[in-house]
Structure formats: C-alpha cells, structure tokens
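Enquirer: Provided herewith is a single structure, encoded as structure tokens, for subsequent inquiry.
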Amino acid sequence: MTQNSADILVINGTVLTQDESDTEIKNGGVAISREKILATGPAADFADWNAVRVIDARGGIIMPGLVNTHTHAAMTCFRGIADDLPLMTWLNEHIFPAESKLDYQKVYSGALLACAEMIMSGTTCFCDMYLFENAVAQAAKKAGIRAVVGEVLYDFDSPNYGPIAKGFEYTEKLIDTYKDDPLVTIAVEPHSPYLCAPELLTRAIEITRTHDIPLVIHLSETADEVAGIQERYNCTPVAHLAQLGILAPNLLACHCVVLTDDDIDLLKRFDVKVAHNPESNMKLASGVAPIPKLLEEGICVGIGTDGCASNNNLDIFLEMDTTAKLHKVKTLDPTVLDAESVLNMATLQGARALGLSEDIGSLKPGKKADLIVVDTHKPHLTPMYHPVSHLVYAVRGSDVTHSIINGNIVMQDGQLQMLDLEQVMDDVNQIADEVRRK
Ligand SMILES: [Zn+2]
C-alpha cells in the first residue's frame, strides 16, 4: 500500500473551511502539496501521512487567509501623520503634499511594511490602488503575499507616469509583465467618477474586457461626491457609470456609502462587487454604507481597510469586529450582520469580489493553499464555545501564528520567513524622517 504524502501538514486545530456549507472540522487538519490544498479532514485521517513539514496548530483555528479588498498599501508611510480633520483639509494639506514626494523606492518600502503588517495579522490577499504599482507588485512578491494591484488613473498628470495616455501604457505593461504570475493579478483602477472623465472610464473597462481582469474604482464614498456628480452629469455616480456601460461583474466598487434604492438595483442587476471599509468611513465621517441591504439583495460584499492613514491599521480582524457592530448600532438591530456573514465577507466573498473565488477564499482540495493558524490559547480567547464568534468579536491580528500563501510558509510561529522585519521598519522610519523635515 502506498503511503499518502504531502509537502505540508497543518494539524491539531479546528478547521473552518468556509466552503459553501461552512463545514467545521473539530480536531482536523489540512494537507498541502506544492501550491495547492490536497485534502482536509479529521486529524486521524492524516495519522499515517508522510509530510516534509508538519505545523501543529495546538488546538487553535485553521482557516482560509483573510482577503483585504481595498487598500493603498504604501500609505503606511503616512500612518498617523494627521488625524481628526475634515476630509478636504486632511487630503489637501497633509496627504497630497506628502504623496507628491513619493517615488518607486518609497512606495516599495511602504508596501513592504504593509505586506508585513497584513501577513502578521492574517491577511493573505489584498487589493491595492496607488501610484508606482509595479513597486507594490514587487513588494508583494518579495513578501510572498497574493495581491491584485492596479495603477491609479485620473484626468490630471501623475507623479509616476505623467499624462493619462502614459497611464494606460503603464497599465498595459503591468498586465503583460504579470500575466502568468502565481501571486500578482493586475487590475485597471480609475480613481473615481469625480477624478475621471467618461472617456477615461470607458477606455478602462475596455482594457479589462480584453484581458478578463478586474476593474476597481472608488464609488459613492461621500455625500459631497454624489452632489458633485449630480451637478456635472445630472445623476448619481452609480447611474453615471451605468450610462457609460461601466457596471459589470468584474467591477469592484469601493465604499458605496451613499446609495439610492435605484443605485442598489443597478449594482444588483449588473452583479457589481462592493468593498466595505467601515473604519475609514467612520474616521473620515463619510457615513455608513447600507451593507445589510446590499447583502439582502444578494450583492457580493468584501471587507477592506482602505489606506492605513485613514484607519490607521491594516488588521482585518479588527475590521470584521467593526463591521459587525457598526451595522447593529446603525439599524438598532443586534441580529444584522451576524458573525458568520461577516467572516464570509472577509474570506470567500472577498475572494469573489476580486474574481479569485475559484482559487482562494475557502479550504477545499484543488484550491490554492492560502491559510492561517490562529492561536486560541490566550486569556482573551478562553473559553471557546464558537470559533466563528471568537474570530469576529475577540481575536486580534496578533493572535495569528502561521501563514501559508500559495503553498509557501510566509510566517512560522509569528516570524516572517521572507522579510527582515527590522529592516522593513527602519526603511519606513527613514521615509518618515524625510517627511517630517519637509
Ligand atoms: Zn481608497
């Protein structure tokens, strides 16, 4: 009889598969071969398996890695630079001046720090929009984390590529460079309906259709944005995109805070995906997105942190906790957004939002091995009646001990395997010194 063998066996934990029926295996394990999941099941099934490496979850939780559906990774450089200000003051007097000094190297360093923070808090895949995105893609590869990245496009000149025509060239080049990459997917990312002319937006969706890739945009983030679009185009931002033919299943709309019922109908009809960023929306006082309503309509919603200057961290565990509670207090109904729904948003639904649910978001044989181990042997996690409740309401990112992405162990016993964390933090501290001097 031939013995079963795996490259990595993760055993002795409660396995939350996050599959369609939310299968939970008490004292289970996951076998990994190369970049894929080979099997999941009770620990006893793996007793006679041969494995090159064995990870003991010590009674903790083994689950799919979390998906951060919207961030601006390199904004780690500006974490805490200015808080508690009106959006336009914050942007015009603090963020935009600091960003105008960015270059490839700074974005690389900032993105690397973001990758370290995300891996160490359980995120295994993130969707990024920023300048110098080739640097973000390179940082993701260096850290070993999965990423969907796209260069931000808008009507005015960019410090990276100059005029918009060059922005499209830059995007096409990214698409070509990363077309067979195991970790990086390129998206086309026009900033928003208020910074992008109709021609820019229609060109953007055409490119995504040619290459079958995601389109990512900020949409209906604030009441001011909606008023501005109403004045220019005499309709809501969502209706404006509908008229341009931009609404589509591959569109990820970030924020969607201010929506009419007609807007929600449109998002549903075109199967648009939504990234919900509750902490950023709270901190910038943008408002509360109608997420319970979107979920009721069957619209796919993932969770994002947004850039960490408006958050100020990239911890999806905290974002889940906020998501679950914010909508309860908004609706004065404690039954909305139960823990299970919120965990789904941060795993399988997040993967769907990025067009990656065939590969990631749940633990299933044949899918890519993107998974984490959460240590539950902690005072704030004792006792544990319901693992899902803990994950949403009690676990912190710092409880994650192991992270495997694409079958590669990127964190073991809390130690990053691909990055020199001290160096990564030093580099960003140096950038902060420069920012302070200016
Ligand atoms: Zn954003």
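Enquirer: Past the 16 angstrom mark, what percentage of all C-alpha to C-alpha distances in the stretch 351-434 do you count?
Expert: Working: 2340 of 3486 pairs.
The calculated P(r) of the stretch 351-434 puts 67 percent of pairs beyond 16 Å.
Enquirer: What is the helix-to-structure angle for 104-120, meaning the angle in degrees between its Cα long axis and the longest Cα principal axis of the chain, kept from 0 to 90 and rounded to the nearest 10?
Expert: 40 degrees
Enquirer: So, one more: With unit charges on the beta carbon (Lys/Arg positive, Asp/Glu negative), name the residue among A111, L153, A369 whose Cα is farthest towards the positive pole of the charge dipole of the chain.
Expert: A369
Enquirer: Let me ask you something else. Write out the trypsin sites (Lys or Arg not before Pro) in the stretch 13-78 meeting two conditions: DSSP loop, and at most 16 other Cβ atoms within 10 Å of their Cβ.
Expert: Numbers: sites: K26, R34, K36, R53, R58; in loops: R34, R58.
Hits after loop and neighbour filter: R34, R58.
Enquirer: Calculate the radius of gyration of the Cα atoms of the stretch 387-438 to one decimal place, then report Dmax, the largest Cα-Cα distance, as a whole number, both in Å.
Expert: Rg then Dmax for the stretch 387-438, in Å: 16.0, 48.
Enquirer: Report, in cubic angstrom per residue, the convex hull volume of the C-alpha atoms of the stretch 228-294. Before the final figure, lay out the partial values.
Expert: Details: hull volume 5.5 nm³, N = 67.
In the stretch 228-294, the Cα convex hull volume per residue is 83 Å³.
Enquirer: Going 7 Å from the Cα of H94 along its beta-carbon direction, which residues of the stretch 313-345 have the amide nitrogen within less than 16 Å of the resulting point?
Expert: Zone members listed by number: 313.
Enquirer: Can you tell me, using C-alpha contacts under 8 Å and at least 6 residues apart, the relative contact order of the stretch 93-226 as a whole percent? Mind dumping the intermediate values first?
Expert: Values: 187 pairs, mean separation 25.7, N = 134.
For the stretch 93-226, the relative contact order is 19 percent.
Enquirer: Another question, then. How large is the accessible surface of E24 in square angstrom, using a 1.4 angstrom probe and rounding to the nearest 10?
Expert: E24 exposes around 80 Å² with every protein chain in place.
Enquirer: Is it possible to state the helix-based mean residue ellipticity at 222 nm for the chain, with each DSSP H run of 4+ residues giving -39500 (n - 2.57), the sum divided by total residues, to the nearest 500 deg cm²/dmol? What is it?
Expert: Numbers: 15 runs with 154 residues, N = 438.
Computed ellipticity for the chain at 222 nm equals -10500 deg cm²/dmol.
Enquirer: What residue among L200, Q412, S220 has its Cα farthest toward the positive end of the dipole of the chain, where the charges are +1 on Lys, Arg and -1 on Asp, Glu, each on the Cβ?
Expert: It is Q412, whose Cα lies furthest towards the positive end.
Enquirer: Based only on Cα atoms, what mean projected area does the convex hull of the chain have, in nm²?
Expert: Working: hull surface 82.8 nm².
If you wrap the Cα atoms of the chain in a convex hull and average its projections, you get 20.7 nm².
Enquirer: Separate question: What is the distance, in nm, between label points placed 7 Å from the Cα along the Cα-to-Cβ direction at D433 and at D181?
Expert: Taking the two extended label points, one gets 3.0 nm.
Enquirer: Find the accessible area per residue for the stretch 76-234; the probe is 1.4 Å, ligands and nucleic acids are left out, and the unit is Å². It would help to have the intermediate numbers written out before the result.
Expert: Numbers: 6210 Å² over 159 residues.
With all protein chains present, the stretch 76-234 gives 39 Å² per residue.
Enquirer: Less than 19 Å from a label point 7 Å out along the Cα-to-Cβ axis of A197: which backbone N atoms in the stretch 135-168 qualify, by residue?
Expert: 152-159, 161-168
Enquirer: Something else: In terms of the Cα gyration tensor, with a ≥ b ≥ c the square roots of its eigenvalues, is the stretch 281-359 rounded because a/c is under 1.5, prolate because a/b exceeds b/c, or oblate? Don't jump to the answer; show the numbers that get you there.
Expert: Details: a/c = 1.71, a/b = 1.09, b/c = 1.57.
Since a/c reaches 1.5 but b/c is at least a/b, the shape of the stretch 281-359 is classed as oblate.
Enquirer: Let me ask something additional. Can you give the charge dipole size of the chain about its Cα centre, rounded to the nearest 20 debye, using +1 on the beta carbon of Lys and Arg and -1 on the beta carbon of Asp and Glu? Working shown, then result.
Expert: On the way: 34 positive and 60 negative charges, 102 e Å.
The dipole magnitude comes to about 500 debye.
Enquirer: List, in the order given, every pair from K173/K364; K179/K367; K283/K368; K26/K268; K106/K268 whose Cα-Cα distance in the structure shown is over 30 Å.
Expert: Values: K173/K364 34 Å; K179/K367 19 Å; K283/K368 35 Å; K26/K268 37 Å; K106/K268 39 Å.
Those over the limit are K173/K364; K283/K368; K26/K268; K106/K268.
Enquirer: Something else about it: Rounded, prolate or oblate: which one fits the stretch 323-400, using the alpha carbon gyration tensor with axes a ≥ b ≥ c (rounded when a/c is under 1.5, else prolate when a/b beats b/c, else oblate)?
Expert: Oblate is the answer for the stretch 323-400, as a/c is 1.5 or above yet b/c matches or exceeds a/b.
Enquirer: Measure off, as a whole percent, the carbon and sulfur share of the 1.4 Å-probe accessible area of the chain, all protein chains present.
Expert: Working: 8830 of 17500 Å².
Using a 1.4 Å probe with all protein chains present, the chain comes out at 50 percent carbon and sulfur.
Enquirer: Also: Starting from the Cα of K438, draw a straight line to each of the aspartates and glutamates and keep only those under 17 Å, dropping any in the same chain fewer than 8 residues away.
Expert: Cross-link targets: E93, E99, D103.
The values are calculated or read from the model by the stated rules, or taken from the named source; none is laboratory data. Note that the structure is a prediction, hence the values are computed from the model and not measured. All Cβ positions, even for glycine, are placed from backbone atoms using ideal geometry, and neighbour counts span all protein chains on display. Protein only, heavy atoms only, side chains kept; ligands, DNA and RNA dropped before computing areas. Shrake-Rupley method; radii C 1.70, N 1.55, O 1.52, S 1.80 Å.
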